[in-house]
1. Which one, Tyr140, Met130, Met154, is farthest towards the positive end of the dipole of the range 125-166 when Lys and Arg carry +1 and Asp and Glu -1 on their Cβ?
2. Given the Cα-Cα distance of Val263 and Thr149 and 0.36 nm per residue of separation, how much length would full extension add, in nm?
3. Using alpha carbons only, how many angstrom separate the centre of the range 190-264 from the centre of the range 20-67?
4. Would you mind counting up the charge near Phe271? Only other residues with Cβ under 14 Å from its Cβ, with Lys and Arg at +1 and Asp and Glu at -1.
5. Please identify, among Arg58, Arg141, Arg249, the residue showing maximal mean-square fluctuation in a Gaussian network model of the chain using a 10 angstrom Cα cutoff.
6. Given R₀ = 30 Å, FRET efficiency for Ser306-Arg32 by Cβ-Cβ distance, to 0.05?
7. Taking a virtual spin label 7 Å from the Cα of Glu161 along the C-beta vector, which residues in the range 283-299 bring their backbone nitrogen under 16 Å of it?
8. Connecting C-alpha atoms closer than 10 Å in a GNM of the chain, tell me which of Asp226, Asp71, Asp110 has the biggest fluctuation.
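Bear in mind that the values in this text are calculations on the coordinates, not laboratory data. All values derive from a computational prediction rather than experimental measurement. For neighbour counting, all protein chains shown are included, and Cβ atoms are generated from backbone atoms with ideal geometry for every residue, glycine included.
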Amino acid sequence: MNSLPIIDISPLYGDEPSAWQTVAEQIDSACRQWGFFYIKGHPISPARIAEVLDNAQRFFALPVEEKLKIDITQTRHHRGYGAIATEQLDPTKPSDLKETFDMGLHLPADHPDVLAEKPLRGPNRHPDLMGWENLMEEHYRDMQALAQTLLRAMTLALGIERDFFDTRFNAPVSVLRLIHYPPRQTASSAEQQGAGAHTDYGCITLLYQDAAGGLQVRNVNGQWIDAPPIDGTFVVNLGDMMARWSNDRYLSTPHRVISPLGVDRYSMPFFAEPHPDTLIQCLPGCQDDAHPPKYPTTTCAQFLLSRFADTYAYRREQQAV
């Protein structure tokens, strides 16, 4: 239990049922034992990753006043730039040593969901950088497709219809996030971490991390182990929403980022979340008389908003208004 499994998902892009089943069994085992694994054999090219990373570095190098033109705390739908210490993932530690950019499914200002002020619905707020918007919107769509391919494989082990997740990820509230972690020596105190220990909120997360390292995962024995960068892979982990769906058959595992010394770290997680009105309730195959549902039924939006309120002071203030 000292290294995460690496799964080749290339068979999921073919039509051989036995190959699909083999990959599904590997994913199922990783989800039960770890809640974390690497994937290789995916269709996101190294050139695309390099281009997105280059743009992330360009954006975070802008003056603070330029980035704050799309300040995330000034929007009700959680899009834009989050300055250092905007998040506090571990309530026992200082706010996180990182800055972020968040985007989601773009809905124009005149969309009915936006006019109705539905939570987490609205237009993306992009910086004024040449080529940025088209690149990021395309990358968002491609990451959503990759996430849904993985979810389709999970249905085989969970005993649900192959299109179960596809139907629930119509007009999703998935988030593409870019993160910059400054070097650890810039921390406000020895206790300030890049990202405090936490579990993710949603369904599944697909993470690109650069070569700097710093991601750590807590195994079932309570030990923190490194999840180092591996070329050509994404780190995949499950969130609390998937744990609720699966009645804790699949693990939502605590993890953290210890900012490296002397270098900047960049990462690009994609948080795959369903349509906001999706019911999150125990799947039929994950319950029986000996294992009744552990969690009450909720919706995607209700659950995410409750978790955001725990993490962001500005969200708590907005909800109090």
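1. Among Tyr140, Met130, Met154, the one farthest towards the positive end of the dipole of the range 125-166 is Met154.
2. Working: separation 114, 0.36 × 114 = 41.04 nm, distance 3.43 nm.
Gain on stretching Val263 to Thr149: 37.6 nm.
3. Between the Cα centre of the range 190-264 and that of the range 20-67, the gap is 12 Å.
4. Computed value for this residue: -2.
5. Arg58
6. Working from the Cβ atoms, E equals 0.70.
7. So the set is 283-285.
8. Of Asp226, Asp71, Asp110, the most mobile in the Gaussian network model is Asp110.
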